[in-house]
Amino acid sequence: MGRIAAPFGVKGWVKVQPNTAATPNLLSYKTWWIGREGDWREIAVTEARVQGRGVVARLDACHDRNAAAALRGNWVAVPREALPGTRSGEYYWADLIGLSVVNGAAQELGKISGILQTGANDVLVVQGGRERLIPFIATVIREVDLASGIVRVDWDADY
């Protein structure tokens, strides 16, 4: 959902760079999971607001700048069941990470290791024999089959 970028002020607030479709979406959740690399904890959000391109928030048990600074670099997440459902053709990035990417010639190009936001469209980062950047657009993405773990693409192995 986002990443804690820095402390904000001296009273324990944090500045968050959201990874949501719209910055205010992060304000919908009163409890966040904060952590990284398997070390996560649930923390109540006592106050939050949009500030510029990000969100600033005061978290329970984070009362000063030092406590806020200790959270720098941690990810912000929410439980899957708290997220709204998706419409047809919409996917959460977390659902795409790890899926195999196969082209029309049945060649496996690799697995999705990340997704980049470029402004124009999202781009799949595919790791296989080499890294490939594949645009997530209708003319390239032929099918996303979450059940079988495959994304079928119109993308030559030489691209």
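The values are calculated or read from the model by the stated rules, or taken from the named source; none is laboratory data. The model shown is predicted, which means the values in this text are computed figures rather than measured ones. Using ideal geometry, Cβ is built from the backbone for each residue, glycine included, and neighbour counts are taken over all protein chains shown. To get the accessible areas, we keep the full protein, side chains included, count just its heavy atoms, and leave off ligands, DNA and RNA. Shrake-Rupley method; radii C 1.70, N 1.55, O 1.52, S 1.80 Å.
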So which residues in segment 23-43 are open to solvent by less than 80 Å² (accessible area, probe 1.4 Å) and either over 15 Å from Ala77 (Cβ atoms) or of a type outside the set (Phe, Trp, Tyr) (or both)?
-> Thr23, Pro24, Asn25, Leu26, Leu27, Thr31, Ile34, Gly35, Gly38, Ile43
Give Thr46, Thr86, Thr20 a once-over and let me know the one that is within 30 Å of Arg142 (Cα to Cα) and open to solvent by 50 Å² or more (accessible area, probe 1.4 Å).
-> Thr86
Residue hits (segment 149-159; outside any strand (DSSP E or B), on the phi < 0 side of the Ramachandran plot and open to solvent by less than 60 Å² (accessible area, probe 1.4 Å)) are Trp155, Ala157
Residues satisfying the stated conditions in segment 53-69, i.e. free of Cβ contacts under 8 Å to residues at least 24 places away in the same chain and either touching a Ser or Thr at 6+ places or on another chain (Cβ under 9 Å) or open to solvent by less than 70 Å² (accessible area, probe 1.4 Å) (or both) = Asp60
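What residue, among those in segment 111-137 that are part of a loop (DSSP other than H, G, I, E, B) and among the polar types (S, T, N, Q), is surrounded by the most Cβ atoms within 10 Å (Cβ to Cβ)?
Narrowing segment 111-137 to residues part of a loop (DSSP other than H, G, I, E, B): 118-121, 128-130, 136-137.
Keeping just the survivors that are among the polar types (S, T, N, Q) gives 118, 121.
Working: Thr118: 10, Asn121: 12.
Going through the qualifying residues, I end up with Asn121.
When segment 89-102 is examined, which residues are found to be surrounded by 18 or more Cβ atoms within 10 Å (Cβ to Cβ) and either outside any loop (DSSP other than H, G, I, E, B) or among the acidic types (Asp, Glu) (or both)? Before the answer, list the steps.
Residues of segment 89-102 surrounded by 18 or more Cβ atoms within 10 Å (Cβ to Cβ): 96, 99, 101-102.
Selection gives Leu96, Val101, Val102.
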